[in-house]
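Visitor: Mind looking over this structure? Questions follow.
The values are calculated or read from the model by the stated rules, or taken from the named source; none is laboratory data. Note that the structure is a prediction, hence the values are computed from the model and not measured. Because the Cβ atoms are built from the backbone with ideal geometry, glycine has one as well, and the counts that use them run over all protein chains shown. We work out accessible area using only protein heavy atoms, side chains counted, and drop any ligands, DNA or RNA first. Shrake-Rupley method; radii C 1.70, N 1.55, O 1.52, S 1.80 Å.
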There are 2 protein chains.
Amino acid sequence: MDRLYWFGWQWLLPGAAKRLWTLADRFGSLRAAWLAPAEELVNRGGFNPKTVYELVQRRSAFDPQAALDGLAGQGIDYIFFDDPAYPGALRQIFDPPPGLFVRGRLPAATRPALAVVGSRRPTPYGLAVAERLAKEAAAAGVVVVSGLARGIDSAAHRGALSAGGHTVAVLGCGVDVVYPRENRRLMEEIAAGGAVVSEFPPGSPPEAWHFPVRNRIISGLSRATLVVEAAEKSGALITADMALEQGRDVLAVPGGIASPLSRGPNRLIKQGARLVEGVADILEELGVTALFKLPSGVESSPPRLTGDESAVYRRLSYEPATVDKLVEESALPAQQVLAALMFLEVKRLVRQLPGGCYVLRESGPGF
Amino acid sequence: MDRLYWFGWQWLLPGAAKRLWTLADRFGSLRAAWLAPAEELVNRGGFNPKTVYELVQRRSAFDPQAALDGLAGQGIDYIFFDDPAYPGALRQIFDPPPGLFVRGRLPAATRPALAVVGSRRPTPYGLAVAERLAKEAAAAGVVVVSGLARGIDSAAHRGALSAGGHTVAVLGCGVDVVYPRENRRLMEEIAAGGAVVSEFPPGSPPEAWHFPVRNRIISGLSRATLVVEAAEKSGALITADMALEQGRDVLAVPGGIASPLSRGPNRLIKQGARLVEGVADILEELGVTALFKLPSGVESSPPRLTGDESAVYRRLSYEPATVDKLVEESALPAQQVLAALMFLEVKRLVRQLPGGCYVLRESGPGF
């Protein structure tokens, strides 16, 4: 069966989808390529003569059927390109992986998917925004796709899981390899409630070059890509570029122009990406406002604030602030500041910490 | 002379430009209206019978020539609508003031002007951004127009003055009235180095209704209006609306979606306002790139990269990198890496250092 040879080639040449499609083209089938001698791989397949002998050795030592059978025991599915379970959106990109290694279950093809990507070292602002938007989008039925990296990726997965939503983690290593190590538990949770996916065979280490290759799958699985915080020249911007090349939409969360991590999103917005202020923008872009009911508490427009509330709210951040500090900075009487804080708590914008300090709520509605 | 009657009517009915243009239309001239009895002002002029007698009393007690003569002694000019010194951009709006009271000197009509507006109670971020952008725009020859209010307005004026640039303060009171009080010194500096302007006669107090009326002059004097920080439903957004009605451009500085004061600018950007990250965006919007030299580091849109170029470019930073390192990290053949580097050099994205290392160009375009 041809499928087995595709599987074999993907195992031998991981992350080289474009090359495999070319190879199938040149040899008529990957079965023919698999059976071809080294000389023909060079002459017809365009392989480097210096590396082809090592490849041929690996090929003869590799038993695709045994490897495929072995996956089942590891709880890993291999979803072939022409399998009905293969994600339709991914099938449409220029260089789709011939197959996907999957732990967990892929979402139904009909569900809208959003990639949420960003910096590995975000600010508290970026983290809070990524988690909250992913949570609200997931609650509205959107599949949240990301890369399980530190920072924004992890926050996006966590947000989707906290809403009981479906989330897909696309790895730059094997689906049995935990990277980064600290995400072991998050990865298990995703495999249990969503899917962990890779085009790299089990056991593949997280090599640096895998990640840009992997990014095309993140955007390719998704109807749109949301960039939360990203430095210039970052992986998240590569993903955004790929989304555009794949004809998908790009969305971005703006930030202060003095923040290097908002330079990426701000520049994307200048180039035409949709500015996202809240989940309503995401749902509108995905065209799902009519299909899914918004969870209660999620509003399109933020709650109205009185003058005092607004004066106090502006001075709050994710750094705990004392009432005294807020009184001093707002130049309002303490009584008014306390009243405003109380109403801001009721509006779920502000949280009181033990000790009487106040911070912005990380997952409160209405930015 | 007709001019004297225009002056008289503007003094009697300050901030009612639209009404004066209508009056001139209905009576053929404002001289005729000035000489008309109360009944005719009601029947033909559409004045309220209850208030017309008080108006007529004030009219007969007022000597326009004496008032005009008195202005000179106060160092105040009255620039009439058909005066060559009357700002051409303002003349084009729907309801221009018949004349402007001016302390200082108006800029040459050929100089591009930018309105900079925003919150009276900005965050430190907004203040810093307003002052810096105004300074850099002024240094490039742009006239900075604002309203001398606390917060963003004051920061914009200060920024322009600190660059030795021209700045225009448009008041909602007489040009001899200091409001807010703390801006006395700033107002004097503006009158000395730029212009303090109002359509309200000297002595007019800063009544609340004056400010939205005044805002149309801020936008009307300017080729574009920049909103730095603004709450929803704020004066700055009214000015932005007026700019749009006047066919002028609106620009906005983005901010975090958790900041209530960035809600105004972010929403404007969603509606099509240009996102401003730096002075280059302002100069480009004003079309002054050709007239004034841009500071280095100002970029245009990024050039397209091939796959190899992009793979290599992504791995470059401001730290010198060897070709070997780039080959290893990109997993591309050395020949392809070298070719990509050559093209990246041609595209002025990358610089070769002595010793064969490569770094990003500091002022190179693109991400």
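Visitor: Quick one: A:ARG58 ticks every box in (1) open to solvent by 70 Å² or more (accessible area, probe 1.4 Å); (2) more than 17 Å from A:TRP9 (Cβ to Cβ); (3) touching a residue at least 40 places away in the same chain (Cβ under 8 Å) bar one, so which box is it?
Guide: Checking A:ARG58 against (1) open to solvent by 70 Å² or more (accessible area, probe 1.4 Å); (2) more than 17 Å from A:TRP9 (Cβ to Cβ); (3) touching a residue at least 40 places away in the same chain (Cβ under 8 Å), the one that fails is (2).
Visitor: Please state which of the following conditions A:SER146 fails to meet, knowing it meets all the rest: (1) free of Cβ contacts under 8 Å to residues at least 24 places away in the same chain; (2) under 21 Å from A:TYR179 (Cβ atoms).
Guide: Only one criterion is unmet by A:SER146, namely (1).
Visitor: May I ask you to list the residues in region A:269-290 that are part of a helix (DSSP H, G or I), at the interface with chain B (Cβ under 10 Å from one of its Cβ atoms) and either of a type in the set (D, E, K, R) or open to solvent by less than 10 Å² (accessible area, probe 1.4 Å) (or both)?
Guide: Going residue by residue through region A:269-290, those that are part of a helix (DSSP H, G or I) are A:269-270, A:279-286.
If we keep only those that are at the interface with chain B (Cβ under 10 Å from one of its Cβ atoms) too, we end up with A:269-270, A:281.
A:LYS270, A:ASP281, listed by residue number.
Matching residues to (1) open to solvent by 10 Å² or more (accessible area, probe 1.4 Å); (2) among the aliphatic types (A, V, I, L, M); (3) assigned by the TED database to the domain that holds B:ALA137:
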position: B:LEU171; (1), (2), (3): no, yes, yes
position: B:ASP176; (1), (2), (3): yes, no, yes
position: B:PRO180; (1), (2), (3): no, no, yes
position: B:VAL197; (1), (2), (3): no, yes, yes
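Visitor: Hey, another quick one. More than 8 Å from chain A (Cβ to nearest Cβ), surrounded by 23 or more Cβ atoms within 10 Å (Cβ to Cβ), in contact (Cβ under 8 Å) with a residue 40 or more places away in the chain and within 16 Å of the chain's Cα centre (by Cα), is that true of B:ALA252? Reasoning before the result, please.
Guide: Numbers: more than 8 Å from chain A (Cβ to nearest Cβ): yes; surrounded by 23 or more Cβ atoms within 10 Å (Cβ to Cβ): yes; in contact (Cβ under 8 Å) with a residue 40 or more places away in the chain: no; within 16 Å of the chain's Cα centre (by Cα): yes.
Answer is no for this residue.
Visitor: Enumerate the pairs (first residue in region A:309-322 and facing chain B (nearest Cβ under 8 Å); second residue anywhere and of a type in the set (S, T, N, Q) and outside any loop (DSSP other than H, G, I, E, B)) with beta-carbon separation below 7 Å, excluding pairs fewer than 6 apart on the same chain, so at least 6 apart or on different chains.
Guide: Once the first residue is facing chain B (nearest Cβ under 8 Å) and sits in region A:309-322, its partners that are of a type in the set (S, T, N, Q) and outside any loop (DSSP other than H, G, I, E, B) give A:ALA311/A:SER330.
Visitor: Okay, moving on. Being more than 20 Å from B:SER204 (Cβ to Cβ) and among the basic types (Lys, Arg) is the filter here; which residues of region B:10-32 pass it?
Guide: Listed by number, the residues that qualify are B:ARG26, B:ARG31.
Visitor: B:LEU30: farther than 28 Å from B:ALA192 by Cβ, touching a residue at least 24 places away in the same chain (Cβ under 8 Å) and touching a helix residue (DSSP H, G or I) at 6+ places or on another chain (Cβ under 7 Å), yes or no? Lay out the reasoning, then the answer.
Guide: Working: farther than 28 Å from B:ALA192 by Cβ: yes; touching a residue at least 24 places away in the same chain (Cβ under 8 Å): yes; touching a helix residue (DSSP H, G or I) at 6+ places or on another chain (Cβ under 7 Å): yes.
It is true that B:LEU30 is farther than 28 Å from B:ALA192 by Cβ, touching a residue at least 24 places away in the same chain (Cβ under 8 Å) and touching a helix residue (DSSP H, G or I) at 6+ places or on another chain (Cβ under 7 Å).
Visitor: Which condition number in (1) in a loop (DSSP other than H, G, I, E, B); (2) within 13 Å of chain B (Cβ to nearest Cβ); (3) under 30 Å from A:ALA66 (Cβ atoms) is the one that A:ALA231 fails?
Guide: Exception for A:ALA231: condition (3).
Visitor: Please go through region B:141-165 and give me each residue that is more than 18 Å from B:LEU221 (Cβ to Cβ), out of contact with any Pro (no Cβ under 8 Å at 6 or more places or on another chain) and in a loop (DSSP other than H, G, I, E, B), ordered by number.
Guide: Correct list: B:ALA163, B:GLY164.
Visitor: Then there is this: Among the residues of region B:64-80, is any closer than 29 Å to B:LEU283 by Cβ, out of contact with any His (no Cβ under 8 Å at 6 or more places or on another chain) and in a helix (DSSP H, G or I)? Walk me through how you get there before you give the answer.
Guide: Quick first cut of region B:64-80, residues closer than 29 Å to B:LEU283 by Cβ only: B:79.
Checking the rest, the ones that are also out of contact with any His (no Cβ under 8 Å at 6 or more places or on another chain) come to B:79.
Those still in the list that are in a helix (DSSP H, G or I) too: none.
No; the residues of region B:64-80 include none that is closer than 29 Å to B:LEU283 by Cβ, out of contact with any His (no Cβ under 8 Å at 6 or more places or on another chain) and in a helix (DSSP H, G or I).
Visitor: For region A:176-205, name all the residues that are outside any loop (DSSP other than H, G, I, E, B) and closer than 17 Å to A:PRO97 by Cα.
Guide: Step one: of region A:176-205, the residues outside any loop (DSSP other than H, G, I, E, B) are A:181-193, A:195-198.
Answer for region A:176-205, where residues must be outside any loop (DSSP other than H, G, I, E, B) and closer than 17 Å to A:PRO97 by Cα: A:ALA195, A:VAL196, A:VAL197, A:SER198.
Visitor: Also, quick follow-up: Out of the residues in region B:101-127 that are part of a loop (DSSP other than H, G, I, E, B) and closer than 18 Å to B:PRO202 by Cβ, which is most open to solvent (accessible area, probe 1.4 Å)? Spell out the reasoning first.
Guide: Keep residues of region B:101-127 that are part of a loop (DSSP other than H, G, I, E, B), which gives B:105-112, B:118-123.
Filter once more, so that each one left must be closer than 18 Å to B:PRO202 by Cβ: B:105-106.
Working: B:ARG105: 134, B:LEU106: 36 Å².
Of everything passing the filter in region B:101-127, B:ARG105 is most open to solvent (accessible area, probe 1.4 Å).
Visitor: Hey, another quick one. For region A:81-100, what are the residues that are in contact (Cβ under 8 Å) with a residue 40 or more places away in the chain, surrounded by 14 or more Cβ atoms within 10 Å (Cβ to Cβ) and not in a helix (DSSP H, G or I)?
Guide: The answer is A:PHE81, A:PRO87, A:ILE93, A:ASP95, A:PRO96, A:PRO97, A:PRO98, A:GLY99, A:LEU100.
Visitor: Does any residue of region A:36-53 turn out to be touching a residue at least 60 places away in the same chain (Cβ under 8 Å) and open to solvent by 40 Å² or more (accessible area, probe 1.4 Å)? Outline the logic, then answer.
Guide: So the first thing to find is which residues in region A:36-53 are touching a residue at least 60 places away in the same chain (Cβ under 8 Å), and the list is none.
No, region A:36-53 has no match at all.
Visitor: Taking the stated definitions as given, is B:ALA208 among the small types (Gly, Ala, Ser), open to solvent by less than 10 Å² (accessible area, probe 1.4 Å), in the same structural domain as B:ALA134 (by the TED database) and part of a loop (DSSP other than H, G, I, E, B)?
Guide: Values: among the small types (Gly, Ala, Ser): yes; open to solvent by less than 10 Å² (accessible area, probe 1.4 Å): no; in the same structural domain as B:ALA134 (by the TED database): yes; part of a loop (DSSP other than H, G, I, E, B): yes.
It is false that B:ALA208 is among the small types (Gly, Ala, Ser), open to solvent by less than 10 Å² (accessible area, probe 1.4 Å), in the same structural domain as B:ALA134 (by the TED database) and part of a loop (DSSP other than H, G, I, E, B).
Visitor: Please note which helices (runs of 4 or more DSSP H) are completely contained in region A:304-348 and include at least 3 residues that are buried (at least 20 other Cβ atoms within 10 Å of the Cβ).
Guide: Values: elements: A:307-314, A:323-330, A:334-346.
Ranges flagged: A:307-314, A:334-346.
Visitor: Pick from A:GLY247, A:GLY193, A:GLY203: which is away from chain B (no Cβ under 12 Å), open to solvent by 20 Å² or more (accessible area, probe 1.4 Å) and in contact with a Ser or Thr (Cβ under 8 Å, 6 or more places away or on another chain)?
Guide: On the way: A:GLY247 fails: in contact with a Ser or Thr (Cβ under 8 Å, 6 or more places away or on another chain); A:GLY203 fails: in contact with a Ser or Thr (Cβ under 8 Å, 6 or more places away or on another chain).
One residue alone meets the criteria, A:GLY193.
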